[in-house]
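*Asks:* Here it is: the structure, laid out below.
No value in this document is a laboratory result; all are computed from the given coordinates. The model shown is predicted, which means the values in this text are computed figures rather than measured ones. Don't worry about glycine lacking a Cβ; one is built from the backbone with ideal geometry, like all the others, and counts go over all protein chains shown.
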Amino acid sequence: MGHSLGGFTAPLVAAEIRADGLVYLAGMIPMPGESFMDWWAGTGHVRESVDDDPAVSFFNGVPKALADEAQRRDRDQDGAWLSSPWPADAHPDVPTRAIVCTDDQFFPAPFMRRHIHERLGITPVEIPGGHYATLSEPTAVASALIGFADEISSARRL
């Protein structure tokens, strides 16, 4: 599963380990040769209105103490790789799902529905919660992931 920026890494890992499936959770979906820096314009996210306050854009719905702890543990997401082209020739050929967080203020649901359809050609699963739904709606995230795992298991038995 790749969350947010993890969408650039998760498909590479899924291909490398021959994963049974791939999930993007409020995830950036790169195209072959597209850099992280180019993704913002390439997807139209640059036209979205995003609040500068992380409490609003990232941590809406997350209990304050938990949001504070998450921010305390935040790691820089920088490096030369942000300007490098995404190295895969294609997304891995594995069952893939995308989860839209309907209360996400950073990657708003209408933007993500369009992004997922344009990049993957699939309809996302929608759950409540903001960008960090893993912190605000863990049961919804777990249910969506378990549902996908059950689909994969059922398909294998056929």
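*Asks:* Note the full-extension length gain between residue 114 and residue 153 as 0.36 nm times their separation in residues minus their Cα-Cα distance, in nm to one decimal.
*Replies:* 11.2 nm is the gain from fully extending residue 114 to residue 153.
*Asks:* Note down the nm distance, to one decimal, between modelled labels 7 Å out along Cα→Cβ at residue 82 and at residue 68.
*Replies:* About 2.8 nm, to one decimal.
*Asks:* Cα centroids of the stretch 132-149 and the stretch 34-106: how far apart, whole angstrom?
*Replies:* 17
*Asks:* Oh, and also: What length, rounded to one decimal in nm, is gained on full extension from residue 143 through to residue 5, with 0.36 nm per residue of separation minus their alpha-carbon distance?
*Replies:* Numbers: separation 138, 0.36 × 138 = 49.68 nm, distance 2.21 nm.
The residue 143-residue 5 span can extend by a further 47.5 nm.
*Asks:* Run the dipole for the chain about the Cα centre, Lys and Arg Cβ at +1, Asp and Glu Cβ at -1, nothing else charged, and hand back the magnitude in debye, nearest 20.
*Replies:* Working: 12 positive and 22 negative charges, 86 e Å.
Taking the Cα centre of the chain as origin, the dipole is about 420 debye.
*Asks:* Continuing with the same structure: Please identify the trypsin sites (Lys or Arg not before Pro) of the stretch 50-95 that satisfy two criteria: DSSP loop assignment and at most 10 other Cβ atoms within 10 Å. Which are they? Mind showing how you got there, number by number?
*Replies:* Values: sites: 64, 72, 73, 75; in loops: 73, 75.
Those that pass, being in a loop and sparsely packed, are 73, 75.
*Asks:* Additional query: Mean residue ellipticity at 222 nm from the helices of the chain, using -39,500 (n - 2.57) per DSSP H segment of n ≥ 4 over the full residue count, to the nearest 500 deg cm²/dmol?
*Replies:* Working: 7 runs with 64 residues, N = 158.
Counting only the DSSP helices, I get -11500 deg cm²/dmol.
*Asks:* Considering the Cα positions of the chain, please state its Rg to one decimal place and its Dmax as a whole number of Å.
*Replies:* Rg, Dmax (Cα atoms, Å): 15.6, 49.
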